[in-house]
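Below you'll find the structure, written out as structure tokens, and then a few comments.
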Amino acid sequence: MDAEATGGAGMPQLEFSTFPNQILWLVVALVVLYLILSRVALPRIGSVLAERTGTIANDIAAAETYKMQAAEAEAAYHKALEDARAAAAKVIEEARADIQKDLDIAIAKADAEIAARSAESERRIGEIRDSAMEAVTVVAKDATKDIVTAFGVKADARSVTAAVNARIKGGAA
Amino acid sequence: MIEGKRIVAEETGGFAIYPMEQFIVRPLLGGDTVGLFTITNVTLWMALTVLAVSAVLVFGSRGRALVPTRSQSIAEVLYSFIYKMVEDVAGHDGVKYFPYIMTLFMFILFSNLLGLIPWAFTTTSHIAVTAVLALAVFISVTVLGFVLHGASFLRLFWISSAPLALRPVLALIEIISYFVRPLSHSIRLAGNMMAGHAVVKVFAGFAGALGIFGILPIVAVTAVYGLELLVSVIQAYVFTILTCVYLRDALHPHH
Amino acid sequence: MTGDIVQMGAYIGAGLACMGMGGAAIGVGNVAGNFLSGALRNPSAAPGQTAMLFIGIAFAEALGIFSFLVALLLMFAV
């Protein structure tokens, strides 16, 4: 490269002979670029951005509506759930009351039966004990009479009976 | 001067690095002179910039999809980034100048990024290009200020909240800083681009000269390249946001 | 060594001009550091001020770029 011919040793920025050329092409480039941008590119991008902003705003509004609807539906659902719970509680309560009533009646009946049976049993036990006591007294009198007779004494029925009765009472006491 | 430099380069043993060579404006279709209408590498890379921007913004958004594809997302992110910047910085009535600011941003961003491709030519590293960009902003903003506010636009330089004695001094400072705006606006961009590319070129030259130890400059070039990507984006951003700031001054001079 | 005294002066001047970059570095560091300390005090306000951060960095950096430009001019254009 010949430095002299191309101005390589100096500053090419200060080669004033090239200035008109550079300025001409710069102005051409700027005008072309300005026309391209202001006529085609910028309105297009601007409209796309505006459209997007509008769409986003609409979508947000729609989303807001849906959200409110969802909140309403949720509230209704909760209310239905509460009602169902209350109804269920009521049914359960009624059923429990019915069962309790039946149970009470059955228990009362059973208690009465048990009481009747135990009274019967008491009575029978009493009878058995009385008859047993009577039998013991008779056997004891007979035995005493026989023993006394065996000893050769004329047994007086009345005194024997009195003595046995006294013994049995003493034994029992 | 040129001869001396060449001799120095030869004597020091092959460190023939010409970091500024990449910025030369060359005719593409033969010939040596660069006339007004010559097709040069400037033409080529500006055309590529326009094509790339169109590809991203027009081709990327062709689907008009409600749920964006990847390429459409890129276009939309760029669009809303600059739109929000204009709205935040220049105010709501600055939005009608959004297409021009978007054009500036995309042009500078893609010029910077395309310039980072090896063997590419960075149009924004030329002071002629950035000066036109900055002067266009400066002149249109100044005209806009006078059209919208008439002579009261001059109150931008008359700080009514300052003490009266200080106001002439402040007005002088404000006027100077107002007229330095296009200078710093353009030189910042061109200087950043030029400096970054020159540094990459210098390190790359070291890599060629050092032989086996050239791996060190290559690592450095990689790091600097990453930094340059960042700088490219930040400078496009800064140029745009300063344009918005100047626009705000024109729209609302009485802050 | 060949060359002339003008070239020597230009190179020395370019080197001196590069010192200006140090100032820009300090300035950028100042901006970023103060932004960070402010952002840590009030993190909720930080995202709204990143634009100001970049503007501040850009202003600070521009002056460093000026010194770099002067160096380049001295190296290549004088």
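The values are calculated or read from the model by the stated rules, or taken from the named source; none is laboratory data. Note that the structure is predicted; figures quoted are calculated from it, not measured. When we count neighbours, we look across all protein chains shown, and the Cβ atoms used for this are built from the backbone with ideal geometry, even at glycine.
Residue C:26 meets all of the listed conditions (1) hydrophobic (A, V, I, L, M, F, W, C); (2) under 24 Å from residue B:239 (Cβ atoms); (3) crowded, with 16+ Cβ neighbours inside 10 Å but one, namely (3). Per the conditions (1) modelled with pLDDT under 85; (2) over 22 Å from residue A:47 (Cα atoms); (3) within 8 Å of chain A (Cβ to nearest Cβ); (4) in a loop (DSSP other than H, G, I, E, B), the sole criterion not satisfied by residue B:25 is (1).
Suppose the filter is within 14 Å of chain C (Cβ to nearest Cβ), within 30 Å of residue B:231 (Cα to Cα) and assigned to a helix (DSSP H, G or I); does residue B:129 pass it? It is false that residue B:129 is within 14 Å of chain C (Cβ to nearest Cβ), within 30 Å of residue B:231 (Cα to Cα) and assigned to a helix (DSSP H, G or I). Which one is nearest to the chain's Cα centre (by Cα), of the residues in the range B:132-160 that are farther than 14 Å from residue B:246 by Cβ and of a type in the set (Val, Ile, Thr)? Applying the filter and picking the extreme gives B:132. With respect to residue B:95, is the statement that it is closer than 24 Å to residue A:39 by Cα, loosely packed, with under 15 Cβ neighbours inside 10 Å and not aromatic (Phe, Trp, Tyr) true? So residue B:95 fits the description; yes.
Checked against the criteria, residue B:76 counts as part of a helix (DSSP H, G or I), farther than 18 Å from residue B:244 by Cα and of a type in the set (D, E, K, R). If the condition is being surrounded by 13 or more Cβ atoms within 10 Å (Cβ to Cβ) and either hydroxyl-bearing (Ser, Thr, Tyr) or more than 12 Å from chain B (Cβ to nearest Cβ) (or both), then the range C:1-19 contributes C:11, C:13, C:14, C:16, C:17.
Within the range B:15-35, the set of residues being loosely packed, with under 11 Cβ neighbours inside 10 Å and either under 23 Å from the mean Cα position of the chain (by Cα) or of a type outside the set (Val, Ile, Thr) (or both) comprises B:29, B:30, B:32.
Considering every residue within the range A:130-148, establish whether at least one is in a helix (DSSP H, G or I), exposed (fewer than 10 other Cβ atoms within 10 Å of the Cβ) and not hydroxyl-bearing (Ser, Thr, Tyr). No: zero hits. Summed over the range B:38-73, the residues that are at the interface with chain A (Cβ under 7 Å from one of its Cβ atoms) and either among the β-branched types (Val, Ile, Thr) or not in a helix (DSSP H, G or I) (or both) give a count of 11.
For (1) facing chain B (nearest Cβ under 7 Å); (2) at pLDDT 95 or above; (3) farther than 20 Å from residue B:45 by Cα, each residue gets a yes or a no:
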{"residue": "A:4", "(1), (2), (3)": "yes, no, yes"}
{"residue": "A:7", "(1), (2), (3)": "yes, no, yes"}
{"residue": "A:11", "(1), (2), (3)": "yes, no, no"}
{"residue": "A:37", "(1), (2), (3)": "yes, no, no"}
{"residue": "A:41", "(1), (2), (3)": "yes, no, yes"}
{"residue": "A:50", "(1), (2), (3)": "no, no, yes"}
{"residue": "A:54", "(1), (2), (3)": "no, no, yes"}
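Considered as a group, the residues in the range B:85-102 that are over 20 Å from the mean Cα position of the chain (by Cα) and not aliphatic (A, V, I, L, M) include one that is nearest to the other protein chains (Cβ to nearest Cβ), and that residue is B:88. The residues on offer are B:189, B:210, B:229, B:247, and the sole one that is modelled with pLDDT of 90 or more, part of a helix (DSSP H, G or I) and either loosely packed, with under 15 Cβ neighbours inside 10 Å or touching a strand residue (DSSP E or B) at 6+ places or on another chain (Cβ under 8 Å) (or both) is B:229.
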